[in-house]
Each structure stands twice: as C-alpha cells, then as structure tokens.
1. Restricting to segment 339-364, name every residue that is at pLDDT 90 or above and on the phi > 0 side of the Ramachandran plot.
2. Checking Ser226 against (1) within 29 Å of Ala108 (Cα to Cα); (2) buried (at least 20 other Cβ atoms within 10 Å of the Cβ); (3) of a type outside the set (Phe, Trp, Tyr), which single condition isn't satisfied?
3. Is it the case that segment 155-171 has a residue that's surrounded by fewer than 14 Cβ atoms within 10 Å (Cβ to Cβ) and over 24 Å from Thr75 (Cβ atoms)?
4. List every residue pair whose Cβ atoms lie under 8 Å apart, where the two residues are 6 or more positions apart in sequence or sit on different chains, the first residue falls within segment 449-470 and is without any contact (Cβ under 8 Å) to a residue 12 or more places away in the chain, and the second residue, located anywhere, is surrounded by 13 or more Cβ atoms within 10 Å (Cβ to Cβ) and in a helix (DSSP H, G or I).
5. In the set Lys506, Lys491, which member is surrounded by fewer than 16 Cβ atoms within 10 Å (Cβ to Cβ), in contact with a helix residue (DSSP H, G or I) (Cβ under 7 Å, 6 or more places away or on another chain) and modelled with pLDDT of 65 or more?
6. Six or more apart or on different chains, Cβ atoms under 9 Å: show the pairs whose first residue is in segment 311-338 and at positive phi and whose second is of a type in the set (S, T, N, Q) and at pLDDT 90 or above.
7. Can you name every residue in segment 50-68 that is touching a strand residue (DSSP E or B) at 6+ places or on another chain (Cβ under 6 Å) and either touching a residue at least 60 places away in the same chain (Cβ under 8 Å) or in a loop (DSSP other than H, G, I, E, B) (or both)?
8. Condition first: loosely packed, with under 15 Cβ neighbours inside 10 Å, more than 60 Å from the chain's Cα centre (by Cα) and not β-branched (Val, Ile, Thr). Now tell me which residues in segment 187-203 satisfy that.
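The values are calculated or read from the model by the stated rules, or taken from the named source; none is laboratory data. The shown structure was predicted, so the numbers you read here are calculated from the model rather than taken from an experiment. FYI the Cβ positions are ideal-geometry reconstructions off the backbone, even for glycines, and counts take in every protein chain you see.
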Amino acid sequence: MSDFRIKYENLLRLASDGCIIYDPSGDILEFNEGAYLHLGYTRQEFAQLRLPDLFLQDDLIKRPLRFEGMQHGLTVVDFRRIKRKDGSAYLTELRSVLLPDGKIMAMARDMTEHTKIRKELSMKDHAIESSISAMGIGDLNGIIIYVNKALCKMWGAADEHQLIGRDVRDMFEGNQILQNMEAVKSSGIEYSECLGKKLDGTLFPVAFSANIVTDQKNNPVYLFGSFLDITGQKDADTQLKKQYEQLQLLARLSDAVSKARQLEDIYNLALEGLLSTIQADRAAVLLFDENGVMQFKASHGLSGSYREKATGHSPWKKDAINPVPIYITQVKDEPDLEALKYVIEEEGIAALGFIPLIYMNRLLGKFMVYFNAPHSFTEEESQLLQTIAREVAFAIGEKESQLILQKSEEKYRDVVNNSRDIIFRADITGKLTFLNPAWHEILDLPENQSLGKSILDFVYEDDCASCRTRLGMLISGEEEFCRHKFRLVRKDKQLCWFEVNARMVKGPGESGTGIIGVLTDISERKKYEQALEETNIQLRNLSAHLQDVREEERASIAREIHDELGQQLTVLKIEFSWLQSQLSPEKADVLADKFNEIGRHLDGAVNTIRELSANLRPLMLDDLGLVATVKWYLEDIQRRVNIRTEFRYDEDDIPLPEKVRTALFRIIQESVTNVIRHSGATVIIVSLVYQQGKVRLEIRDNGKGFDTAYVSGKRTLGLLGMKERTNLMGGACKVESIPGLGTTVFVEVQTATGF
C-alpha cells in the first residue's frame with residue numbers, strides 16, 4: 001500500500017464530517033462512518049449505493065454533477081441536498097478534490113444550521129449588502145461560511161466562493177485574531193483592531209466587532225463579525241473628532257432651543273452655536289418686523305453704530321421664496337455691498353455670510369456671521385450654518401406662534417371670564433363641560449357642581465319639551481344653528497329668561513364633537529317686552545274704541561244730516577215750489593228765472609247733504625249689507641271719477657259683524673282713494689270672497705305702482721290705517737306693488753272675530 005493511500009485512508013477515517021471516495025463513473029469506493037450514519041444506513045447498506053443514489057433525482061436533472069474544475073487541481077465547493085434512507089433530505093456543503101490516483105474525494109458537511117442562518121441573513125440581506133461595514137460568519141472553529149459583498153471587496157475577493165471555507169486565521173496577520181476569537185467565545189462579544197491580510201497578501205488595519213450566534217437552545221453555533229477598513233483612520237481622527245463635537249453641539253443646541261422660554265434665550269443660544277461651531281469672530285440674529293424692516297434681535301462683537309447703520313439691510317425681500325445663503329469671501333471685492341461697504345470695513349469686517357431663517361416656507365430673518373479676515377466658506381461650514389438656521393428658525397417660529405396663541409388665549413380668557421353672558425360648552429348629549437363665571441353670578445349655581453349635568457336639568461319644566469326638541473335637532477344635524485328662548489331656574493327657585501345661541505362643533509369627518517353656545521339673560525328685556533305688549537294692547541284697545549266712537553259719531557252726524565237737514569231742505573223745497581205756484585201770471589215771467597236758480601241751489605244742497613251723509617257713513621251699510629254698499633260705492637266712483645271699476649263677489653249677502661263690515665268698507669274706501677290720488681290707474685278691481693268662515697278682500701289696480709320698501713319706510717298713514725284696522729279684526733293685511741305694474745291689497749279676516 002502506497003504512502004498516499006495510507007494518508008487518505010487515515011484522513012477518511014478521522015474526518016468528523018461524512019467523507020466518501022468515488023470514481024468518475026459514480027461508484028463509491030470507500031467511505032467513513034460519518035457518511036452512512038448521518039444518512040441512516042448501515043455500513044453494508046451504504047456499500048451497495050452509487051453516488052447518484054445519494055441525491056434527489058430532480059436535483060440531478062436540474063443540476064448534474066460536474067468535475068471539470070477538479071482537473072486543474074482546484075477544490076470544487078458545491079451545495080447539494082443529500083437523501084437520507086427514509087427519503088428525507090438535508091442541505092450539505094460538498095468539497096470535492098481529485099486525488100493523484102484519479103479517484104475523487106468528497107467531504108460532506110451538514111449545512112442545516114448554515115441554511116437557517118443564511119435564511120435569517122436573507123431577511124436582512126438589503127441592510128447587510130448595502131452596509132459600509134464588511135460582514136462575515138464563521139463556525140466555532142473559525143471556518144468562513146458567509147460573507148457579504150463589502151467583505152469580499154475589502155479582502156480583494158471576486159465573489160464569496162473565494163472566501164467561504166477559508167480559516168479566519170488565514171485572513172489576518174499574527175495570532176491576535178485567534179486571541180480575539182477565544183475572547184468572543186468566553187465573553188460573547190469583542191471589539192478590537194488588528195491587521196487584515198488581503199488575498200494578494202496586502203496588509204491593512206481593520207476594526208471589528210464580533211459576537212456569538214446561538215441556536216434555539218442558546219448553544220453557541222457561529223461567530224459573527226463586522227469589519228471596517230480603517231486605513232487612513234489616524235489621519236482622519238482630528239476631523240472625526242471635530243464632526244463629533246459639532247454634532248454634539250447641534251444636539252445640545254437643539255435641546256436647549258426647544259426648552260427656551262423666551263425668544264431672547266433662543267437668540268443667545270443661536271449666537272453661541274454660531275461662534276462655537278464656525279469660529280466666527282462675530283455673529284448676529286436679525287428678524288423682519290411687522291413693517292418688513294430687518295431689525296437686530298441679538299448680536300455679539302458688533303458696535304452700536306454698526307447695528308444702527310446696518311438695520312434694514314437684507315439681500316432678500318420679506319416675501320422671498322426659497323432664499324439661499326450668501327457668502328462674501330472678501331467684502332472689498334463684492335460690488336453688491338457698495339452701499340454698506342464703508343460701514344462694514346469701518347467695523348473691521350473682511351468677510352461675512354447671510355443665512356436665511358425660514359419657518360413653514362416663510363422668511364423670518366437671517367443669521368449673520370462675520371470674520372475679521374478674508375474667509376472661504378467650506379461646504380461643511382455652509383451645511384452646518386444651514387442646520388443651525390433650521391433649528392433656530394423652527395424654534396423662533398414655534399415660539400412666536402406660541403406667544404401669539406398665548407396672547408389670543410389670554411384675550412379669549414378675559415372675554416369669557418368677564419362676559420355678562422353665560423358661555424358654555426356641552427358634549428353631544430347636552431352634558432355641560434365648561435361654564436364661565438357668569439353662570440354662578442346670574443344663577444347662583446357653582447360651576448363645578450353644574451358640570452357633568454345636562455343643561456335640561458336647569459330648564460324650567462314648562463320649557464323642557466321645546467328645549468329638548470331644539471337640542472335634538474341640533475345634535476342630529478337638522479339645524480346647524482339654534483336660537484331659542486326659555487327659562488332657567490335659579491338656586492332660589494326664581495325664573496330667569498334666557499336667549500340661547502348655540503351651534504354644533506365639528507370634528508374630523510364633519511362629525512359633531514360637542515355644542516358651544518351663549519346664554520343671554522333677557523329677563524329685564526322680557527319685562528319691558530311684556531310691558532310694551534300690554535301698552536300695545538291698551539293702545540289697540542284705545543284705537544279700536546276711538547274708531548268705534550268715530551264711526552258712531554259719523555253715523556250720528558250722517559243720520560242728523562240725512563234726517564234733519566235733508567228733511568228741512570226738502571220741506572223748504574216744497575214750500576218754495578208752493579210759493580212759486582202762488583205768483584200772479586204777470587209776475588211769474590219776471591221771477592221765473594230767479595225761482596229756477598234758487599230751485600237748482602236747493603237741489604244741489606240736497607245732493608251735497610246726501611253725499612256728505614254717505615261719505616260719513618253709508619246708511620245702506622247697515623240696511624243692505626257690505627256687498628250692496630261696495631257695489632253702490634264703486635258705481636258712484638266710476639260715475640264721478642271716470643275710472644272703470646269692477647266688483648267680483650260670490651255671495652250677495654255675507655254674514656259679518658257690524659264692526660267687520662265697517663272696517664272692510666273703510667279699507668276699500670282708503671284703497672280706492674289712494675288709487676285715485678296717486679296711481680293714475682284706469683281700472684280698479686275689487687274681489688270679495690267668503691269661504692269657510694273667512695273673508696278674503698282683494699283690491700287691484702293697473703296704476704304705476706311703487707317701491708313697497710320705500711313706502712314702508714315712510715310709514716304712510718293710509719297704509720298704516722288699513723293694517724291697523726286689519727290687526728284690530730285679528731286678520732292679515734299685505735300690500736304688493738311693482739313699479740309700472742300696479743298695486744294689490746290683500747286682506748283676510750275671520751268672520752267670527754271678536755273685534
């Protein structure tokens with residue numbers, strides 16, 4: 001037996017993983033215990049198998065076994081699912097190599113746990129692959145089983161296959177990595193630096209953190225490491241430290257600014273941040289005032305004279321959109337500063353920067369940094385200045401909004417607390433959630449004992465039904481606004497009249513979240529209204545009485561004129577006719593003309609008396625009724641005034657009380673008189689309809705019409721008289737008129753009125 005054969009037989013026997021030797025045709029020649037024990041076979045059973053029997057047929061069809069790479073002396077690494085005796089399969093890593101005698105040796109390592117970790121890593125693949133840190137996983141012996149792209153790049157590998165399977169100790173210089181691995185196993189985590197060794201042998205400094213990965217039973221199974229190439233680290237230490245300090249300062253500044261109580265505190269913190277981070281010689285904070293003028297709010301190192309002369313200067317207008325920082329490296333070479341150049345140079349400023357302060361797309365003002373010598377602003381400085389500006393602008397904007405809100409709340413609180421009206425809030429069920437002091441002052445009910453109760457609990461019982469109805473309409477959305485009058489019960493059981501004005505408060509989605517309202521004490525007003533109503537009733541009664549008296553006087557005078565004076569004139573006419581008949585023929589011719597003239601005067605006097613009597617009160621109104629009187633009256637008007645009149649009625653006799661007959665006739669008289677005097681109409685149509693206990697009167701003309709609003713404002717006596725007569729009857733009177741289209745008077749009254 002050759003030495004080579006003895007060596008690989010010993011290797012075959014000692015290997016802990018499954019190991020087999022086969023020829024290119026697939027016949028298994030030799031194997032160790034790990035090969036058949038892992039698969040559930042006996043030694044005799046395994047000896048009967050060929051290499052293809054160990055794999056799933058579907059896998060072999062999709063991916064046949066290949067041996068090309070081994071011809072060049074390379075170790076071929078392949079991942080295959082191995083079939084157990086019971087038909088199940090598990091993932092293995094196959095590392096195959098061509099032996100000098102032409103046979104092939106394959107080492108199979110169970111990759112079940114490796115697969116689990118790979119699946120876990122695949123869930124985080126994007127984060128791992130995109131990380132700037134190189135990451136790798138090895139088993140507890142230090143054999144690499146996973147690397148990300150960054151680690152491949154760091155060690156100069158084309159892909160992961162050039163690193164997987166290597167010993168971690170081959171990747172580093174010296175024994176330090178071995179010590180670090182032992183430290184990780186004992187402590188669970190380790191941070192350190194060491195020298196990495198690339199595949200081409202190049203050494204480079206590496207910083208790494210490593211920790212133990214355990215299985216579900218908390219047993220250690222893998223070593224996980226994160227590596228960072230720190231080449232050039234020493235040269236960058238100062239810069240990193242500076243950036244760290246700047247970040248720390250920004251964090252402290254942001255925290256301090258957010259906690260500042262006054263705007264002045266924010267200004268001072270801003271100056272401190274500018275001076276300490278940029279190392280500027282001077283700094284200032286300026287804001288636009290309400291007139292759009294840039295004003296200094298805080299400064300460091302600037303003279304009062306400079307602040308006075310530079311006030312109002314700004315490279316941007318107050319309404320500027322997206323203003324950008326402006327940096328002046330050398331003031332003496334900047335033409336845009338010509339107007340202020342003398343002032344700036346006199347102050348000893350050689351370079352400066354304008355950084356806008358923007359809050360909610362609104363330009364608040366600017367930062368200013370000043371240098372006593374020419375200064376080139378770096379990109380880093382610009383970003384730092386803008387970062388500080390954003391923090392401070394946000395703080396200033398928020399604080400200003402807070403102060404405005406605070407002042408508004410104070411005004412609101414003063415108005416609410418000092419209001420003589422009761423201001424309240426209630427939830428959507430009507431339970432009170434807020435009451436101002438007026439509640440206690442008016443009703444003598446403590447606010448804290450009233451909150452949580454329904455407002456209906458304080459409403460007088462006779463008014464509860466109407467209040468509950470209106471509240472329900474408000475809650476349901478049937479009404480957007482509620483105005484209602486009702487009574488509340490004081491602590492001493494006295495009643496107070498209130499007028500409520502309330503609305504539903506809308507929340508997201510237009511749903512109601514509560515009720516807000518004002519209760520105005522109208523108790524005194526109610527007393528005055530009641531007194532005024534009583535006075536109005538008394539005046540109406542007086543007016544009705546005066547109308548009755550006047551109608552009675554008119555009727556009396558009309559009767560006296562008609563009966564007494566009319567009879568006397570009639571008698572006088574008879575006597576005069578007798579006297580005329582007694583004249584001698586010879587004198588009759590002489591006095592005939594005189595007697596005829598006196599007769600005409602007597603006839604005229606009788607007619608005048610009749611007209612006066614009819615105008616004062618047509619006696620036929622009492623004798624023949626309203627319809628006949630109106631018919632006679634309109635015919636008389638048509639005869640005397642030359643206006644065509646038309647009377648429409650549905651019944652010859654309408655049963656009406658005397659006062660109603662009189663009032664309706666007077667309304668007709670007043671309307672017709674107005675038409676004759678003012679309208680220039682040629683037609684008057686009067687309609688009188690009796691239906692279901694109501695009388696409807698309509699007087700229409702074709703005159704020039706008028707503006708009802710203008711005439712109503714003048715309060716004409718004729719219209720007032722008609723409306724007052726209608727009110728006294730308990731009816732309704734309406735006048736409609738359009739300029740150029742005539743006028744119509746509508747009157748409706750119950751026939752059974754108590755007038």
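1. Matches in segment 339-364: Gly348 only.
2. Looking at each condition in turn, Ser226 falls short on (2).
3. Among the residues of segment 155-171, not one is surrounded by fewer than 14 Cβ atoms within 10 Å (Cβ to Cβ) and over 24 Å from Thr75 (Cβ atoms), which makes the answer no.
4. Between residues of segment 449-470 that are without any contact (Cβ under 8 Å) to a residue 12 or more places away in the chain and residues that are surrounded by 13 or more Cβ atoms within 10 Å (Cβ to Cβ) and in a helix (DSSP H, G or I), the close pairs are Cys464/Leu456.
5. Lys491
6. These pairs meet every condition: Gly312/Gln295.
7. Result: Leu56, single match.
8. So the first thing to find is which residues in segment 187-203 are loosely packed, with under 15 Cβ neighbours inside 10 Å, and the list is 187-189, 191, 193, 195, 198, 200-203.
Still in the running and more than 60 Å from the chain's Cα centre (by Cα): 195, 198, 200-203.
Within segment 187-203, Leu195, Lys198, Asp200, Gly201, Leu203 meet the criteria.
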